[in-house]
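Visitor: Would you mind keeping the following structure in view while I ask a few things?
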Amino acid sequence: MTPTAVLSTIPATYVAGHSPHHLRERLERREAIAGILGLGYVGLPLAVEIGHEGFTTLGFDISEHVVERLNAGRSHIQDVASDRFADLVAREKFSATTDMRRLAECDVISICVPTPLNKIKDPDLSYVVSAGTRIRDALRPGQLVILESTTYPGTTRDVLLPLLEESGLKAGVDFYVCFSPERVDPGNVKWQTKNTPKVIGGVTPACLEIGQLFYAKVFERLVPVESAEAAELVKVYENTFRMINIALANELAQVCDKLGVDVWGVIDAAATKPFGFMKFTPGPGLGGHCIPLDPHYLSWKMRTLAYRTRMIELASEINAEMPAFVVQQVTDALNDVAKSVRGSRVLVLGVAYKKDIDDLRESPALDIIRLLQLKGADVVYHDPFCPTIHDDGHTEIENLPMHSLPLTPASVREADAVVVVTDHTTVDYTMIAEEAEVVIDARGVMRKIGSRNNVVSMGTDRRKTPREG
């Protein structure tokens with residue numbers, strides 16, 4: 001459908017009453033309708049905060065199932081409390097739809113769609129392009145469009161903006177375009193959508209002004225930057241910083257493994273320095289949608305400018321090695337008790353990418369399970385937040401779907417080895433230490449219950465002398 005065809009379905013008085021001038025008034029009076037395109041981990045929490053600030057919020061998603069569930073007042077995102085969300089629906093401050101033509105009803109449209117990488121780690125902007133095309137076909141004067149999806153610097157201006165201006169409208173004059181990166185940290189009870197400082201940049205100064213006018217009513221603190229490109233770079237830099245420092249901690253774990261030194265003790269001692277040090281800890285690998293992926297957006301962009309981001313590439317390589325490092329520790333631990341990986345039953349504790357959440361995206365546990373299966377192990381798992389690992393077409397694990405086993409003394413004793421991959425706080429680690437023949441701890445959580453001869457902590461094997469080479 002062409003932009004003209006969509007506009008022809010909207011009453012002329014509606015279009016005339018929604019000019020850039022009227023947008024300011026509607027934002028000030030909280031009469032503006034906010035559209036959220038994409039109702040996942042980013043979009044739904046954002047929609048809830050906007051709705052609770054008094055704006056009527058219209059959510060868009062391609063899934064009929066998601067839309068039906070949300071319109072019934074049921075949240076599908078762990079960080080969005082069902083009672084708080086149900087109240088929003090009951091007060092008619094939120095509704096969801098699959099009808100993209102209704103984007104024309106919205107004064108503000110926040111784009112919260114996926115930005116994955118393809119197999120060679122190049123950005124896949126197909127979701128952003130699709131969203132931009134849908135918005136273009138419904139675009140009218142007096143709308144604000146904000147891209148929230150993480151991407152490389154230049155996406156908003158070079159990809160989204162030209163699409164929108166195909167409507168014949170001019171950004172900064174007829175409508176407004178900003179980039180404001182999501183900063184979602186699933187499971188974080190202190191820093192949530194509303195109180196996390198919100199970075200925003202516009203493609204013109206007028207765009208930034210309007211973007212600030214809206215988001216200042218939703219977030220406790222705004223951090224305006226000079227351009228959309230600067231805002232895009234802020235996001236990828238934040239997660240590149242974390243990725244590189246996690247890689248350093250992961251390399252330290254491998255160093256300590258060879259030296260026979262406790263990596264956790266080294267890091268804890270270093271963290272007592274009151275200046276010039278920030279604590280990062282090793283783990284079984286990177287997970288989630290942000291840290292494993294976002295730095296590669298920047299790497300890709302810089303390759304187009306004939307520049308190689310060497311630190312990003314090296315850190316990515318180190319982090320990618322960690323699942324294999326954990327599996328090698330399982331192999332060594334079983335060998336120490338005269339068992340082979342092949343034919344052994346290995347219980348993986350935790351498959352979510354971080355503790356106390358239900359998110360499996362890019363979880364290193366999936367790689368660990370796959371590698372153990374390739375070695376012939378009989379792999380089972382327990383995770384109180386992830387009852388099932390489904391076959392999504394991308395997970396290379398045998399015997400899917402897999403289902404979480406009940407965690408009992410008997411199920412622990414039945415395992416030849418237990419691997420702590422995700423340190424959920426609800427797990428009884430004392431029972432694990434008492435009942436398991438061998439425990440491989442990739443998170444350092446077993447240190448809290450004291451030294452045990454059957455526990456191998458990632459970064460050091462206390463039962464062995466320092467290794468050579």
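The values are calculated or read from the model by the stated rules, or taken from the named source; none is laboratory data. Just so you know, these numbers come straight off a predicted model, no measurement behind them. When we count neighbours, we look across all protein chains shown, and the Cβ atoms used for this are built from the backbone with ideal geometry, even at glycine. SASA here: full protein model, heavy atoms, side chains in, ligands and nucleic acids out. Shrake-Rupley method; radii C 1.70, N 1.55, O 1.52, S 1.80 Å.
Visitor: Quick one: which residue in 389, 432, 440 is farther than 28 Å from residue 259 by Cα, surrounded by 12 or more Cβ atoms within 10 Å (Cβ to Cβ) and of a type outside the set (Gly, Ala, Ser)?
Guide: 389
Visitor: When only residues in the range 289-328 that are of a type outside the set (A, V, I, L, M), more than 26 Å from residue 357 (Cα to Cα) and over 22 Å from the mean Cα position of the chain (by Cα) count, which is surrounded by the most Cβ atoms within 10 Å (Cβ to Cβ)?
Guide: 309
Visitor: Are any residues in the range 192-223 outside any loop (DSSP other than H, G, I, E, B) and either of a type in the set (S, T, N, Q) or surrounded by fewer than 19 Cβ atoms within 10 Å (Cβ to Cβ) (or both), and if so, which ones?
Guide: Passing the criteria: 205, 206, 209, 212, 213, 222, 223.
Visitor: Within the range 126-133, can one find any residue that is open to solvent by less than 50 Å² (accessible area, probe 1.4 Å) and either more than 21 Å from the chain's Cα centre (by Cα) or on the phi > 0 side of the Ramachandran plot (or both)?
Guide: So far as the range 126-133 goes, yes, one or more of its residues are open to solvent by less than 50 Å² (accessible area, probe 1.4 Å) and either more than 21 Å from the chain's Cα centre (by Cα) or on the phi > 0 side of the Ramachandran plot (or both).
Visitor: For a quick check of your reading of the model, give me the residue pairs whose first member lies in the range 9-35 and is over 22 Å from residue 52 (Cβ atoms), whose second is open to solvent by 60 Å² or more (accessible area, probe 1.4 Å) and at pLDDT 75 or above, with beta-carbon atoms closer than 9 Å and at least 6 apart or on different chains.
Guide: Matching pairs, first to second residue: 9/101; 10/105; 14/105; 16/22; 20/173.
Visitor: Also, quick follow-up: Go through the range 66-84 and give me each residue that's within 20 Å of residue 189 (Cα to Cα) and part of a helix (DSSP H, G or I).
Guide: Passing the criteria: 82, 83, 84.
Visitor: For the range 85-176, which fully contained strands (runs of 3 or more DSSP E) count at least 2 residues that are among the β-branched types (Val, Ile, Thr), within 30 Å of residue 295 (Cα to Cα) and touching a residue at least 24 places away in the same chain (Cβ under 8 Å)?
Guide: Strands (runs of 3 or more DSSP E) meeting the threshold: 108-111, 144-147.
Visitor: Something else now. Can you tell me which residue is surrounded by the fewest Cβ atoms within 10 Å (Cβ to Cβ) among those in the range 397-423 that are assigned to a helix (DSSP H, G or I) and out of contact with any Asp or Glu (no Cβ under 7 Å at 6 or more places or on another chain)?
Guide: Top of the filtered list is 410.
Visitor: Looking for something under 24 Å from the mean Cα position of the chain (by Cα), farther than 23 Å from residue 117 by Cα, of a type in the set (Gly, Ala, Ser) and open to solvent by less than 40 Å² (accessible area, probe 1.4 Å) - is there at least one such residue anywhere in the range 138-151?
Guide: Scanning the range 138-151 turns up no residue that is under 24 Å from the mean Cα position of the chain (by Cα), farther than 23 Å from residue 117 by Cα, of a type in the set (Gly, Ala, Ser) and open to solvent by less than 40 Å² (accessible area, probe 1.4 Å).
Visitor: Among all residue pairs at least 6 apart or on different chains, which show Cβ distances below 8 Å where the first residue, located in the range 201-222, is farther than 13 Å from residue 46 by Cα and the second is assigned to a strand (DSSP E or B) and of a type in the set (D, E, K, R)?
Guide: Going by the 8 Å Cβ cut-off, the qualifying pairs are 221/198; 222/198.
Visitor: Looking at 414, 398, which is the one that is modelled with pLDDT under 95 and within 22 Å of residue 368 (Cα to Cα)?
Guide: Within the list 414, 398, the selection yields 398.
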